[in-house]
Amino acid sequence: MRKYYSFPLLFFLLAAILGLFLRFQFIRPTPGIRYTYFLHSHSHIMFLGWVFNVLYLSFIGYHIPEKQRHGYLTFFLWLQVPVAAMMISFPIQGYGLYSIIFSTVHTLAVMVFTFVFYSRTKDQKTVSLWFAKMGLFFFFLSTAGPFSLGYLMSHGLGQTHWYNFSIYYYLHFQYNGFFLFGVLSLFYQMLERKQIRPDARKALVFGKRMAVACVLTYPLSILFARPGLAFNAIGAAGALVQLIAIGLFLKDLRPLLTSICSRFLRSSRFYLTVVAAAMLLKALLQLASAEPGIAELAYHLRPVVIAYLHLVLIGVITLSMLVWFLETKLVNESLARKAMAVLLVGFAGSEMALVVSPWWANAPASVTIFVFSAFLPAGIFIFYRAFLKGNPDKSQHFH
C-alpha cells in the first residue's frame with residue numbers, strides 16, 4: 001500500500017504552493033482573485049488532502065490486517081475525488097453550492113469509515129488504537145461546525161458571530177482533536193513497532209486529560225465576541241489541564257529515553273524534540289489567551305493568529321507525520337533529512353516574520369514572509385522525491 005502515500009504528499013505540495021500564492025497577494029495582488037476563496041482551498045487541501053489522508057492510511061495500515069485492506073484502499077481512492085473537486089471549486093465560488101456538496105460528501109464518507117473502523121478493531125487493545133479512535137471521534141464532533149453553515153447562511157446569519165463560531169468550532173476540534181490525537185496515535189504506533197512499551201495506564205490517563213482539555217478550550221476560540229468572563233475561566237481551566245497533561249506526559253517518557261535514543265534515528269529524535277517544544281508553546285499560548293486583554297489583542301493581530309495556526313499545523317502535526325515517514329522507512333533517509341531541514345528553515349523563519357509583522361512596515365514584512373514561505377513547497381518537493389527514491393523492500397509500514 002506504499003504507493004497510496006503519493007496522494008497526501010502531492011496534496012501537501014499543492015497546498016504549500018497555494019499558500020505561497022496567497023503570500024504573494026500581499027506583495028502584488030492578482031486582479032480578480034478572491035483571497036478568501038483561495039484560502040478555503042488551501043486549508044481544505046491541507047486538512048483533508050494531507051493530514052487526513054496520512055492518518056487514514058496509517059490507521060488502516062497498522063490496525064487492519066493486510067488481507068482485509070483492499071476495500072479500505074478502494075474507499076481511499078474514492079475519497080480523493082471530493083478533495084480534488086474542493087481544490088477546484090473553492091477558488092471559483094468559495095463556500096458555494098458545489099463546494100459545500102463536495103465537503104459534505106467527504107464528511108459523510110469519513111463518518112461511514114469511522115463506524116466501520118470502530119467495529120473492525122473492537123477486539124484490539126493498544127494505546128495507539130485508543131488515540132486513533134479518539135481522533136476520529138473528534139473528527140466526527142467537528143462536523144457540526146460546517147454542517148451548521150448551510151442553516152446559518154439560509155437564515156441570513158452568514159455575517160454574524162454565529163458563522164465565525166461554526167468555523168472556529170470546526171477548526172478547534174480538527175486541530176486540537178483529530179489532528180493532535182491522530183499524531184499521538186502515530187507516536188505510540190512507532191513505539192509499539194520498536195518494542196518500546198510505555199505505561200499503558202499512564203498513556204490513557206494522558207489521553208483522557210487531553211480530551212477534556214480539548215473540549216474545555218473551545219471557548220478560547222470565541223473570546224473575540226466577548227461572551228463573558230465565565231468563558232475565559234473555562235478556557236483557562238482547559239488550557240491549564242492541557243499544560244499539566246503535556247508536562248506529565250513528557251515526564252512519563254523519561255524512563256523510555258534510553259530505548260528511544262537507541263531505536264529512533266538521530267534526526268527523528270531532533271524533530272520530536274521540536275514537536276514537544278511546539279506542543280508546550282501551544283499550551284502556554286492558549287493559557288495566555290484566556291486573559292481578556294491578550295485575547296482582544298490576538299484577535300486584532302491576524303498575522304499572530306496565523307503564526308499560531310501554523311505552529312500547530314506544521315510544528316506539531318506535520319513534523320510528527322514526517323518523522324513517522326522516516327521511521328517507517330517510506331522515504332529515502334538522506335534526502336528526507338535535507339527536505340525536513342529546508343522545511344524547518346521556512347517554518348521557523350515565516351513564524352518569526354509573522355509574529356513581528358504587525359510592528360513592521362508592510363512591504364518588507366510581506367516580502368520576508370513570502371521568501372521564507374517559499375522554503376515550504378521546496379522542502380515538500382524534496383521530501384516527495386525522497387518518497388519516490390525510498391526502498392519499498394525496507395518499508396516497515398505493514399503490521
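Here are the numbers:
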quantity: Among 247-255, 81-89, the order from most to least packed when residues are scored by Cβ within 10 Å on average; calculated: 81-89, 247-255
quantity: Gyration tensor (alpha-carbon) shape descriptor, the stretch 243-314, a/c threshold 1.5; calculated: oblate
quantity: Part-to-part distance (alpha-carbon centres) for the stretch 348-367 and the stretch 108-140, which is given in Å; calculated: 40 Å
quantity: For the stretch 211-261: Kirkwood Rh in Å [reciprocal of mean 1/r, alpha carbons]; calculated: 12.3 Å
quantity: Overall form of the stretch 176-252 per C-alpha gyration tensor (a/c, 1.5; a/b vs b/c); calculated: prolate
quantity: Per-residue SASA entry for His40, accessible area with 1.4 Å probe, Å² rounded to 10; calculated: 50 Å²
quantity: Simple label model, 7 Å out from Cα along Cβ direction - Arg201 to Arg254, nm; calculated: 1.9 nm
quantity: Largest to smallest accessible area among Lys389, Lys3 [probe 1.4 Å]; calculated: Lys3, Lys389
quantity: Nearest-10 value in Å² for the accessible area of Tyr169, using the 1.4 Å probe; calculated: 50 Å²
quantity: Difference of contour (0.36 nm per residue) and Cα-Cα distance, His155 to Arg193; calculated: 8.5 nm
quantity: Surface accessible to a 1.4 Å probe, Leu39 within the full protein complex, Å²; calculated: 50 Å²
quantity: Hull volume in cubic angstrom per residue (convex hull over the Cα atoms of the stretch 296-386); calculated: 71 Å³
quantity: Spin-label model distance (nm) - Thr30 vs Ala361, 7 Å beyond Cα toward Cβ; calculated: 2.8 nm
quantity: Carbon plus sulfur fraction of accessible area for the chain, probe 1.4 Å, in percent; calculated: 68 percent
quantity: Cα point-scatterer Debye curve for the stretch 121-198, base-10 log of I(q)/I(0) at q = 0.24 Å⁻¹; calculated: -0.98
quantity: Volume in Å³ per residue [convex hull over Cα atoms, computed for the chain]; calculated: 135 Å³
quantity: Residue order for Thr273, Thr258, Thr30, Thr318 - accessible surface, 1.4 angstrom probe, largest first; calculated: Thr258, Thr273, Thr30, Thr318
quantity: Pairwise Lys count, the chain - Cα closer than 16 Å, eight or more residues apart or different chains; calculated: 15
quantity: Whole-number accessible area per residue in Å² for the chain, which is evaluated in the context of all protein chains at 1.4 Å; calculated: 45 Å²
quantity: Where N is the number of residues in the stretch 1-154, Cα Rg divided by 2.2 N^0.38 Å; calculated: 1.14
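The values are calculated or read from the model by the stated rules, or taken from the named source; none is laboratory data. Keep in mind it's a predicted model, so treat the numbers as computed, not measured. With ideal geometry, Cβ positions are generated from the backbone for all residues, glycine too; neighbour counts draw on all protein chains shown. These area figures cover heavy atoms from the full protein model, side chains too; ligands, DNA and RNA do not enter into them. Shrake-Rupley method; radii C 1.70, N 1.55, O 1.52, S 1.80 Å.
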